[in-house]
1. Against the conditions (1) part of a helix (DSSP H, G or I); (2) free of Cβ contacts under 8 Å to residues at least 60 places away in the same chain, where does PHE170 fall short? Just the number, please.
2. How many of the residues in region 186-199 are surrounded by fewer than 20 Cβ atoms within 10 Å (Cβ to Cβ) and either among the charged types (D, E, K, R) or within 29 Å of CYS57 (Cβ to Cβ) (or both)?
3. Within region 57-68, does at least one residue satisfy the condition of being part of a helix (DSSP H, G or I) and either at pLDDT 95 or above or buried (at least 17 other Cβ atoms within 10 Å of the Cβ) (or both)?
4. Any idea which of ASP186, ASP258, ASP218 is acidic (Asp, Glu) and modelled with pLDDT of 95 or more?
5. One residue is enough: does region 147-155 have a residue meeting the conditions open to solvent by 20 Å² or more (accessible area, probe 1.4 Å), out of contact with any Asp or Glu (no Cβ under 7 Å at 6 or more places or on another chain), over 20 Å from PHE93 (Cα atoms) and not charged (D, E, K, R)?
6. Restricting to region 193-217, count the residues that are free of Cβ contacts under 8 Å to residues at least 12 places away in the same chain and either closer than 17 Å to HIS180 by Cα or acidic (Asp, Glu) (or both).
7. When you go through ARG141, ARG121, ARG112 one by one, which is the residue that is touching a Leu at 6+ places or on another chain (Cβ under 9 Å) and among the charged types (D, E, K, R)?
8. I'd like the full set of residues that are open to solvent by 30 Å² or more (accessible area, probe 1.4 Å) and in a loop (DSSP other than H, G, I, E, B), limited to region 92-116.
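The values are calculated or read from the model by the stated rules, or taken from the named source; none is laboratory data. Being a predicted model, the structure only gives us computed values, none of them experimental. Glycine also receives a Cβ, built like all others from the backbone with ideal geometry; neighbour counts cover every protein chain displayed. All accessible areas refer to the heavy atoms of the entire protein, side chains included, with ligands and DNA or RNA removed. Shrake-Rupley method; radii C 1.70, N 1.55, O 1.52, S 1.80 Å.
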Amino acid sequence: MTTRTFRVWRGDKSGGEFRDYEVPIDEGMVVLDVVHRIQATQAPDLAVRWNCKAGKCGSCSCEINGKPRLSCMTRMDTLPAEGPITVQPIKTFPVIRDLVTDVAWNYRQKRRIPGFRPRPRNPDGTYRMQQEDVDRIQEFRKCIECYLCQDVCHVLRDQGKLDKFVGPRFMIYLANQEMHPLDNADRIPAVRRDFGSGYCNITKCCTEVCPEGIHITDNAIIPLKERVVDRFYDPIAAIVRLVRDKPTKEPAPALDPD
């Protein structure tokens with residue numbers, strides 16, 4: 001058994017500081033295990049949010065040695081063998097206490113996005129979809145809403161444009177709706193106007209931290225941005241639509257005023 005120094009941020013919305021804890025480490029432990037050991041032996045008032053301890057609920061998001069991670073999926077033997085290990089709350093959202101942050105802003109963004117609106121059934125009463133269309137949206141449904149991508153997004157984290165851009169998590173959600181083969185709502189005007197697709201400049205930092213390995217930038221954000229460009233900024237596409245196209249989708253309903 002070895003002993004490591006854990007430097008854990010303690011405080012609340014009014015301020016705080018890092019405090020050091022010397023913790024014995026057993027083989028096979030993850031960072032969340034160590035935080036629980038600190039709670040049990042040295043700091044019973046340490047606040048930490050967690051639930052499944054299996055990388056599927058997204059509750060234990062934090063920053064470990066400065067990098068957004070799930071603490072339940074970060075094995076101790078993957079961290080540097082020397083020096084203290086810092087654990088702090090995700091920075092994009094306001095701290096409630098210690099490692100717990102207020103992520104309610106994300107729930108409000110989800111309510112703003114128009115829900116799934118299936119097109120009418122086929123004349124024989126069925127729905128049919130191509131397998132490649134099904135496969136495309138299945139990737140988006142793996143999201144566990146840990147908000148690590150929101151934490152690392154520089155538009156939200158560094159520029160604070162929470163009133164302009166919904167962030168990578170909800171660009172995935174929009175892509176899931178927009179690319180669904182049965183969905184009948186036209187969300188492209190809202191993707192540009194209300195959800196701020198133009199603010200993302202494709203640094204791919206969100207993709208790098210996604211614990212589910214979703215290709216957020218390549219498979220969700222870039223296709224949405226391409227659809228916005230085709231609709232609003234490509235003059236040739238506009239002429240073609242005037243000559244050939246008829247609207248295939250209905251306008252998405254108005255946003256939730258909240």
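1. For PHE170, the failing item is (2).
2. Selection size over region 186-199: 6.
3. No, region 57-68 contains no residue that is part of a helix (DSSP H, G or I) and either at pLDDT 95 or above or buried (at least 17 other Cβ atoms within 10 Å of the Cβ) (or both).
4. Working: ASP186 fails: modelled with pLDDT of 95 or more; ASP258 fails: modelled with pLDDT of 95 or more.
Matching residue, one of ASP186, ASP258, ASP218: ASP218.
5. In the first step, residues of region 147-155 are kept if they are open to solvent by 20 Å² or more (accessible area, probe 1.4 Å); the result is 152, 154.
Checking which are out of contact with any Asp or Glu (no Cβ under 7 Å at 6 or more places or on another chain) leaves us with 152, 154.
Filter once more, so that each one left must be over 20 Å from PHE93 (Cα atoms): none.
Within region 147-155 (the criterion being open to solvent by 20 Å² or more (accessible area, probe 1.4 Å), out of contact with any Asp or Glu (no Cβ under 7 Å at 6 or more places or on another chain), over 20 Å from PHE93 (Cα atoms) and not charged (D, E, K, R)), the answer is no, since none of the residues qualifies.
6. Residues meeting the conditions: 0.
7. Answer to the selection: ARG112.
8. Listed by number, the residues that qualify are PRO94, ASP102, GLY115, PHE116.
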